[in-house]
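Peer 1: First the structure, which I've put down as structure tokens, then a few questions once you've had a look.
Since every read-out is calculated from the coordinates, none of them should be taken as a lab result. Just so we're clear, the structure is a prediction, and the values are computed from it rather than from any experiment. Cβ: placed from backbone, ideal geometry, glycine included. Neighbour counts: every protein chain shown.
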Amino acid sequence: MEIRIGIGYDSHRFVKGRPLYLGGVEIPYDMGLLGHSDGDALIHAIIDAILGALSKGDIGKMFPDKDPKFYGIRSTELLKEVKIILDTHNAKIINIDSVVILEEPKIAPYTQSMAHCIASILGIEEHRVSIKGKTNEGMGFIGAKEGIVAIATVIIEIK
Ligand code: MG
């Protein structure tokens, strides 16, 4: 048995006219995240953490944003592909911890739904997925509500 750790980072810009998806859940807000997919920065960070733990590159290599196949795709669909990769490697997630840094909206009312969504796709118990919301205290591009950042770590066990 081998234990491996991965880290993932992502940022996306807020734009008008798109729904806001985070952790696979639609959150009411007057802006959404720009991206080739649905812009779900939290799921993207989690995917990069998992791929990192497996030394399988990153989300851009696995799902190129030049590929029209992935245009407008829900990031939950990409996470399902990553679950298949985990299974192929006999890898099981022990836990995921994550931070979403954004000035607005408050995500606390949605973190349980997000953890439920992510855990069910990855076939693990909900208590293995932690999601924390933070503001940037009004500083920088996050503070100006131009965009958000998500950071995730994962520990996996390979049999
Ligand atoms: Mg992204």
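Peer 1: Report, in degrees rounded to the nearest 10, the 0 to 90 angle that the Cα long axis of helix 75-88 makes with the longest principal axis of the chain.
Peer 2: That helix lies at roughly 10 degrees to the long axis.
Peer 1: Considering the chain as a Gaussian network with a 10 Å cut-off on Cα pairs, which listed residue, Ile84, Ile121, Ile131, attains the greatest mean-square fluctuation?
Peer 2: Among Ile84, Ile121, Ile131, the largest mean-square fluctuation in the Gaussian network model of the chain belongs to Ile84.
Peer 1: Among Glu137, Glu103, Glu126, which one moves the most in a GNM of the chain with springs linking Cα atoms closer than 10 Å?
Peer 2: Residue with maximal mean-square fluctuation among Glu137, Glu103, Glu126: Glu137.
Peer 1: Too long at a 19 Å Cα-Cα cut-off: which of Lys106/Lys132; Lys69/Lys145; Lys92/Lys159; Lys66/Lys145; Lys106/Lys145; Lys80/Lys159?
Peer 2: Exceeds cut-off: Lys69/Lys145; Lys66/Lys145; Lys80/Lys159.
Peer 1: In a GNM of the chain with a 10 Å cut-off on Cα contacts, which of Gly57, Gly140, Gly39 has the highest mean-square fluctuation?
Peer 2: Looking only at Gly57, Gly140, Gly39, the biggest GNM fluctuation is shown by Gly140.
Peer 1: Counting alpha carbon pairs within less than 8 Å and at least 6 residues apart, what relative contact order, in whole percent, applies to the chain?
Peer 2: Taking the mean separation of contacting Cα pairs over the length of the chain, I get 34 percent.
Peer 1: Would you mind checking the tilt of helix 41-53 against the longest principal axis of the Cα atoms of the chain, expressed as 0 to 90 degrees and rounded to 10?
Peer 2: Approximately 30 degrees, to the nearest ten.
Peer 1: Quick check: net charge around Val149, other residues with Cβ under 12 Å of its Cβ, Lys/Arg +1 and Asp/Glu -1?
Peer 2: Summing Lys/Arg as +1 and Asp/Glu as -1 gives -1.
Peer 1: Okay, next question. May I ask you to sort Phe14, Phe63, Phe141 by Cβ crowding, counting other Cβ atoms within 10 Å and putting the fewest first?
Peer 2: Going from least to most buried by this count: Phe141, Phe63, Phe14.
Peer 1: May I ask you to sort Leu34, Leu79 by Cβ crowding, counting other Cβ atoms within 10 Å and putting the fewest first?
Peer 2: If I rank by nearby Cβ atoms, fewest first, I get Leu34, Leu79.
Peer 1: Rounded to the nearest Å, what's the spacing between the alpha carbon centres of the range 100-147 and the range 37-94? Just the number, please.
Peer 2: Measuring centre to centre over Cα atoms gives 18 Å.
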